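Report on the structure given below.
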Amino acid sequence: MPTFHFLTTFSNKNIYKRTLMETRLTFFVELSEEGILDVMRKLNNLIKRTAEKQNVVCVDINNLIPKTPEYYADELHYTDKESELIAKKLCESLIRSNFCNKV
């Protein structure tokens, strides 16, 4: 189970302020910029807790993908480079977890 990825974080929000603002105006009009980042953090925490409770592999994509524009087409969408990296990380995690032998 992968976490949700997001370009902007609390620590880089000043760097990607315009991208975050565009995302807010498009998808999250009712939330402040801080609110969007808080929702993303809470969503990923929920994904991690759910994976743990269900005893499934959780791949923390959000922390594995560098927070740079070469990996993000915009705040939420992958570039080809990010897609390749996500596929690689998911495969590595499934192999490490011995998932293929359990199916």
Against the longest principal axis of the chain, how steep is helix 33-54, in degrees 0 to 90 to the nearest 10, with axes from Cα atoms? 10
On alpha-carbon atoms, Rg over Rh for the chain using Kirkwood Rh? 1.02
Residues meeting the amide H criterion for Y78 (H placed from the backbone, H to H distance under 5 Å, 5 or more places apart or on another chain) are A73
Calculated from DSSP H runs of 4 or more alone, at -39500 (n - 2.57) each and per residue, what is the 222 nm mean residue ellipticity of the chain, nearest 500? -17500 deg cm²/dmol
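Each value in this text was obtained by applying a stated rule to the coordinates, not by laboratory testing. Just so you know, these numbers come straight off a predicted model, no measurement behind them.
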